[in-house]
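For reference, the structure is listed below as structure tokens.
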Amino acid sequence: MSYVAWASDTGEDALERIGGKGANLAEMMSVGLPVPTAFFVTSGAYAAFIEEAGIGEKIDGLLSDVDVDDNDALADAADRVQQLILDREVPERIRSDIVDAYDRLEEDGDADVAIRSSATAEDLPEASFAGQQETFLHVDGPDEVVRRVQECWASLFTPRAIYYRVKNDFPHEKVRMGVVVQRMVDADRAGVLFTRHPTTGDDRIIVEAAWGLGEGVVSGRVSPDNYVLSREGTVQDATIATKDTEIVRADDGQGTLERTTDGRADDRVLDETHLDRLAGLARTLEDHYGEPQDVEWAWEEGELFVLQTRPVTTIKEPETMNDTTSPTQDTELLIEGLGASPGTGAGPVARLDSSDELDRCEEGDVLVTSMTTPDMVPAMRRATAIVTDEGGMTCHAAIVGRELGVPCVVGAKDATSVLSEGQQVTVDGDRGSVEAGIQQTSETDETPTETTPTQAAGPARVPTATEVKVNISMPEATDRARATDADGVGLLRVEHIVLGLGRHPMTVIDEEGTDAFADHLAEDIRGVADAFQPRPVWVRTLDAPTDEFRQLPGGDDEPDEANPMLGWRGIRRDLGQPELLRAQFEAIRRLRADGYENIGVMLPLVQHPSELREAKQIARDVGLDPEDPDVSFGIMIETPASALIIDEFVEEGLDFVSFGTNDLTQYTLAVDRNNGNVANLFDEFHSGVGRLIEHVIDVCNDHDVATSICGQAGSDPDFAEKLVEWGISSISANIDAVDRVRETVARSEQRLILEDVRDRR
Ligand code: PEP
Ligand code: MG
């Protein structure tokens, strides 16, 4: 039995025999695509190596009782297993098969090779992804080739790969791996292409290109040129980037190096002829595979090569795309604002000037008002879409709209004067537009809240080391939130439960007593804790501004504040009226005593450690012990002060922090988050906000305090990517964003592994 295979002798069992990457290359070669010559070290070679080296049991022994949640123990075990694999000689039979095949490659000319691990179907795709990433470029000479193959095998036991297998109950002894050995293309220009737009699925070919090897583009180290092509290859858009660096083959022929691009940093990488060839390649690949592809390509001395192709997995499903109005329809744009909750909804306008008129908004109406208030929620539930004059992405209408799955446009300035009562309109919550008439919308848009858990769960979830959780404000959104299969609830906003009681909380306490108030809270929190058990649910204590409380029956005594955002809200309010905090802690204590030990406590708008200290004392007083290792007790980081003196909070003692970027951004930039006049200045990507977050993550990581985010920015994949780089422990996203964020987190983690592997080389 040979331990290597060539494309021509792989068959049905290719995936099992040479792994996914190898099988894919063999398939491309079989249909005549321009793939550099390659051979494959079979998964049988790996199995034979382990067997002959007699290390199978040792590996099992080293991994059998490692606590994968203990980073040091995991890294140590991974290191030992890898060393076991690397210390053993590759048996002569396997070695000679590899060397003979390499010699055969050399007959074709220069046999500088790329060596890539190729995980097999027997291993879990998710568990093996870390191993799948191992790639060595410009490997030269038989000894070096055999060594790198051995290193690919060892990469099956990176900490991350071990972690995933354990978490997925996949036995380590069942893992297998093929290795691809492929002639290296010494590219003068290279990059990636998507046969369709990678997120919208638009019928356009997207090409990214840079000078030198494609690694620069794939790893994100070089900003590439971006070309948008029609299916036929016509250039529709070209953005030429400044490509300051390029990745090239190292002078000694081993590996690669990054160098400054000389003289051509701003030159266009691809001309029309190149692009025409790439468009042809895109069409062929998509026709062959029958689905959109993500392709790595390279150009060497005038010749085009395909290095890799795989299905694009990031295209949003139609129901989340919500691009459902027919493009050919003539539409009249009536008004525009911020698209705050995705989807389209159409119907007659119900214009509400105050919450006394809620009944006028009937099932299927488009609710139009200057700004929604908590007491409007019943009408918001009936609405098919919501439009407001004021507000930004984190205002009441936006949060509730997203959670109820009702499309919403906020900050539309003159909506209440431009749109008239009864007028038929279509609201597009993605684009932020309101158009005249009833445009065609998809069925899913019309019934967004009826998604069943199984439908919404979608394809198998990608496990990530950074946990991806979900935010819940309205208890009735629990089923939709649970259907995302999130790792827990990173924010349960209590105020929506409290405001949902229909009376001011102090009125409830005065009329029925603290216990009864705690009962009401416990009832609603229980549903969420139950749905997610045993995954953590962090209950955020009350944080509603005085102007929202004042609208509730019994709210007449609320102070009339000029600036409620800076006023009596969050933990300062609860410490000022400690019976409120006591009731919330009491509700949590009771639920924990009933077995819901997954409930944790999160305090909002903290700015000084004394607030944490006082709140803890109240918790202790009701019998909820913040020092109990089973009770997660944490704070939100929403004020720059709390970020700057995070060390003092750590010293005070806490289990986690969560970034409330809605408030943190507003207070860092002095931009009222609900004020449409300055909405253009509200920017979570501002480096001032970023530095605060990075600092907090650094300090917390040094002291084993978990870090999370539950502000709107956590639902933005670009922001999530940064957070993963900074080392956050979890990200809590809105229901509609969980899948997207999980995908981004997985990709970012894989990229970090790749960079880490390179750095270690
Ligand atoms: C935040 O400030 O980011 C946050 C999540 O809290 P809220 O939006 O409820 O103020
Ligand atoms: Mg906040």
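If you take all other residues with their beta carbon under 15 Å from the beta carbon of Asp530, and give Lys and Arg +1 and Asp and Glu -1, the sum is -1. With 26 Å as the limit on Cα-Cα distance, the pairs of Lys21/Lys469; Lys243/Lys722; Lys21/Lys722 that go past it are Lys21/Lys469; Lys21/Lys722.
Trp726 contributes an accessible area of around 50 Å² to the protein surface, as traced by a 1.4 Å probe with all chains present. I need the calculated FRET efficiency for the pair Asp65 and Glu627, taking r as the beta carbon distance and R₀ as 41 Å, to the nearest 0.05. The computed FRET efficiency comes out at 0.90.
Relative to the current alpha-carbon distance between Arg80 and Asp276, full extension at 0.36 nm per residue lengthens the span by 65.5 nm. For Lys58 and Glu12, the FRET efficiency from 1/(1 + (r/R0)^6), where r spans their Cβ atoms and R0 equals 25 Å, is about 0.15. Couplings for the stretch 717-722, taken from phi via the Karplus curve 6.51 cos²θ - 1.76 cosθ + 1.60 with θ = phi - 60°, read x, 5, 6, 4, 4, 4 Hz in order; Gly and Pro are left as x. Straight-line reach from Lys174: which aspartates and glutamates fall under 14 Å, measuring Cα to Cα and dropping same-chain residues less than 8 apart? The qualifying aspartates and glutamates are Glu16, Glu51, Glu57, Asp60, Glu122, Asp123.
The modelled label-to-label distance between Glu300 and Asp266, using points 7 Å beyond Cα along the C-beta direction, is 3.3 nm.
What residues from the stretch 530-544 fall in the zone where the backbone N is under 18 Å from a label point 7 Å along the Cα-to-C-beta line of Arg572? Residues 541-544 fall inside that zone.
Each part reduced to its alpha carbon centroid, the stretch 689-761 and the stretch 1-75 end up 31 Å apart.
Taking all Cα-Cα distances within the chain, those exceeding 44 Å account for 34%. Ile98 sits among other residues whose Cβ lies under 14 Å from its own Cβ, and their net charge, with Lys and Arg +1 and Asp and Glu -1, is -4. Working note: 222 nm ellipticity from helices only, DSSP H runs with n ≥ 4, each -39,500 (n - 2.57), summed and divided by the residues of the chain, gives -11500 deg cm²/dmol to the nearest 500. Subtracting the Cα-Cα distance of Ala73 and Ser420 from their residue separation scaled by 0.36 nm leaves 118.4 nm.
Taken along the Cα-to-beta-carbon direction at a fixed 7 Å, the label points for Ser2 and Asp169 span 4.1 nm. The simple Förster model, with R0 at 35 Å and r as the Cβ-Cβ distance, assigns Val235 and His288 a FRET efficiency of 0.90. Note that the stretch 528-540 has calculated 3J(HN,Hα) couplings of 6, 4, 5, 4, 9, 3, x, 6, x, 10, 8, 8, 8 Hz, one per residue in order, obtained from phi through the Karplus relation 6.51 cos²θ - 1.76 cosθ + 1.60 (θ = phi - 60°); glycine and proline are x.
Here, P(r) means the percent of Cα pairs in each 5 Å bin from 0 to the largest distance; for the stretch 465-760 it is 1, 5, 12, 16, 19, 18, 14, 8, 4, 1, 1, 0, 0, 0. In this rough spin-label picture, where each label sits 7 Å from Cα along the Cβ direction, the Glu725-Arg691 distance is 1.7 nm. If the segment from Asp683 to Asp594 were pulled out straight at 0.36 nm per residue, it would be longer than the present Cα-Cα gap by 27.8 nm.
Can you sort Tyr227, Tyr289 by solvent-accessible area, 1.4 Å probe, largest first? Can you show the working numbers first?
Numbers: Tyr227 0, Tyr289 50 Å².
Order by accessible area, largest first: Tyr289, Tyr227.
Proximity of backbone amide H atoms, modeled 1.01 Å from N, is registered between Leu307 and Glu296, Trp297, Ala298 at under 5 Å, excluding neighbours fewer than 5 places apart on the same chain.
Rounded to the nearest whole Hz, the Karplus-based 3J(HN,Hα) values (6.51 cos²θ - 1.76 cosθ + 1.60, θ = phi - 60°) of the stretch 391-399 follow the sequence x, x, 5, 10, 6, 4, 4, 5, 5, with x at glycine and proline.
The values are calculated or read from the model by the stated rules, or taken from the named source; none is laboratory data. Worth saying up front: this structure is predicted, and the values here are computed from it rather than measured. Please note: Cβ atoms are built from the backbone with ideal geometry, for glycine as well, and neighbour counts cover all protein chains shown. Note: areas computed on protein heavy atoms with side chains; ligands, DNA, RNA excluded. Shrake-Rupley method; radii C 1.70, N 1.55, O 1.52, S 1.80 Å.
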